[in-house]
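Colleague: Have a look at the structure that comes next, please.
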Amino acid sequence: MRRLLKWLGIILALALVALIGPVIGTELLCHGTVTPRNYQPILTDAAEQRPAANSYMTYPEWHIVYAYEGLAETLKNGDEYQFAYFPSVIGFWKAECQLLQAADAHGGADFDTRSTSYVIGPSFGLELAFKALYEDTLGAVFALLRGAQKTPQDEVARDMAAGYAAFLQQTPWYEYDFAAPIAALWAAPVTDPVRGWERRLALTGEWKAKIAYAQGIKSLVAATTGDANLEIFSVVSGLSRDELAAIKDVQVMREVPQGLVIKTPRYAAYTAILVEIARRGGEVIEIAGNDSILITTLHEPGVVADFGPNAQRIITLDREGFYEERDLMDVKVARLAGILRQLQSGPVRLEHVYDY
């Protein structure tokens, strides 16, 4: 018994190091020199400003969204065991390290902002580790025994993954209704008694665990970062008041010497709005009191895009689940609309613009 307890203690200690180690390593080793900002913002009202560093520290949350997109893509024609779980977790921390340096170059992110990654990173790693532990072993055996034809339960898992990935584009994961796919899982007929019941039990356990865990994460995120501000202010030129107001979800607030101040939603909706402004010939002068912002682009491996001196590549990551790569780019806001127009055609395309 003592020997068993000893080994359990060693395993738990190693698991703790694997989860917490990246947090400690990132905080100790990945900081750059904090450079004070010398930009004089057009938007001077504090309620309309957001810290420049927040754009860079926003990406890790989206990395988790992209992991689920990759899983959903994998499940279109394959099974869970074919997804790259551990590379997705490694990519999270690689990006976090480089982005922490980028944030420091833009005034630095405060600890409350950094702590979001330090909460969701270990959570993400633990979740994917458990999923890989099962799906790459027993789950793979049951999938291979089933054959090429997916069961109705596999189809529920595939559809849930696609819907979940789409949901995450605009809403935090802990707001997702996991009870609905559980109900669908049990309502679907069992055409393969072995795989069908295995999927029912395995996925019900996973999704019920997420329901319980979501409550804790929701409370923790609220305690560390508070409720998110769901609107953002920008300064735009080159379009009239009526032209801007015609774009969905854009509110024109007032005129300034440099252009018009608009208020819009954040997240994926904001990216779509910026693309539409650029398509109509508008220019983005400033966003939330900042002159730099993070964007990601997608392309096939080996493709390199040059957007000039006002766009610097921070890191390139594999886009897990797709035969593509993702570039994280530090872009000057004044150049953003031109880059968005450039990305409307060619081998490189826009993925997301990361507001603050």
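The values are calculated or read from the model by the stated rules, or taken from the named source; none is laboratory data. Note that the coordinates shown come from a computational prediction; the quantities given were computed from them, not determined experimentally. Note: ideal-geometry Cβ built from the backbone for every residue, glycine included; neighbour counts use all protein chains shown. In case anyone asks, the SASA skips ligands and DNA or RNA and just uses the protein heavy atoms, side chains included. Shrake-Rupley method; radii C 1.70, N 1.55, O 1.52, S 1.80 Å.
Colleague: Quick check on this structure: which one of ALA140, ALA109, ALA103 is modelled with pLDDT of 95 or more, within 19 Å of ILE64 (Cβ to Cβ) and open to solvent by less than 30 Å² (accessible area, probe 1.4 Å)?
Modeller: Going through ALA140, ALA109, ALA103 in turn, the sole match is ALA103.
Colleague: Under the condition of being over 16 Å from the mean Cα position of the chain (by Cα) and among the aliphatic types (A, V, I, L, M), which residue from the stretch 54-93 is farthest from VAL119 (Cα to Cα)?
Modeller: Filtering the stretch 54-93 for residues that are over 16 Å from the mean Cα position of the chain (by Cα) and among the aliphatic types (A, V, I, L, M), the one farthest from VAL119 (Cα to Cα) comes out as LEU75.
Colleague: Between a residue in the stretch 257-279 that is touching a residue at least 40 places away in the same chain (Cβ under 8 Å) and any residue that is assigned to a strand (DSSP E or B) and polar (S, T, N, Q), which pairs come within a Cβ distance under 7 Å, given they are 6 or more apart or on different chains?
Modeller: These pairs meet every condition: GLN258/SER237; TYR270/THR264.
Colleague: Go through the stretch 173-218 and count every residue that is outside any helix (DSSP H, G or I) and open to solvent by 60 Å² or more (accessible area, probe 1.4 Å).
Modeller: The total comes to 3.
Colleague: Ok, one more. Can you confirm whether the stretch 113-124 contains a residue that is more than 15 Å from TRP62 (Cα to Cα) and either of a type in the set (A, V, I, L, M) or touching a Lys or Arg at 6+ places or on another chain (Cβ under 6 Å) (or both)?
Modeller: No: zero hits.
Colleague: Which of the strands (runs of 3 or more DSSP E) found entirely inside the stretch 258-356 contain at least 2 residues meeting this: farther than 21 Å from GLY238 by Cα and open to solvent by less than 50 Å² (accessible area, probe 1.4 Å)?
Modeller: Working: elements: 259-265, 283-287, 292-299, 311-319, 324-332, 349-354.
Because the criterion is at least 2 residues that are farther than 21 Å from GLY238 by Cα and open to solvent by less than 50 Å² (accessible area, probe 1.4 Å), the strands (runs of 3 or more DSSP E) in the stretch 258-356 that meet it are 292-299, 311-319, 324-332, 349-354.
Rundown of residues vs (1) closer than 28 Å to CYS97 by Cα; (2) open to solvent by 50 Å² or more (accessible area, probe 1.4 Å); (3) modelled with pLDDT under 95; (4) in a loop (DSSP other than H, G, I, E, B), yes/no style:
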| residue | (1), (2), (3), (4) |
| --- | --- |
| ARG3 | no, yes, yes, no |
| TRP7 | no, yes, yes, no |
| LEU14 | yes, yes, yes, no |
| GLY21 | yes, no, yes, no |
| TYR66 | yes, no, no, no |
| ALA72 | yes, no, no, no |
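Colleague: Show the residue pairs meeting these rules: Cβ distance below 7 Å; 6+ apart or different chains; first residue within the stretch 178-207 and within 15 Å of MET160 (Cα to Cα); second residue of a type in the set (Phe, Trp, Tyr) and part of a helix (DSSP H, G or I).
Modeller: PHE178/TRP207; PRO181/TRP207; ILE182/TRP207; ARG200/TRP186; ALA202/TYR134
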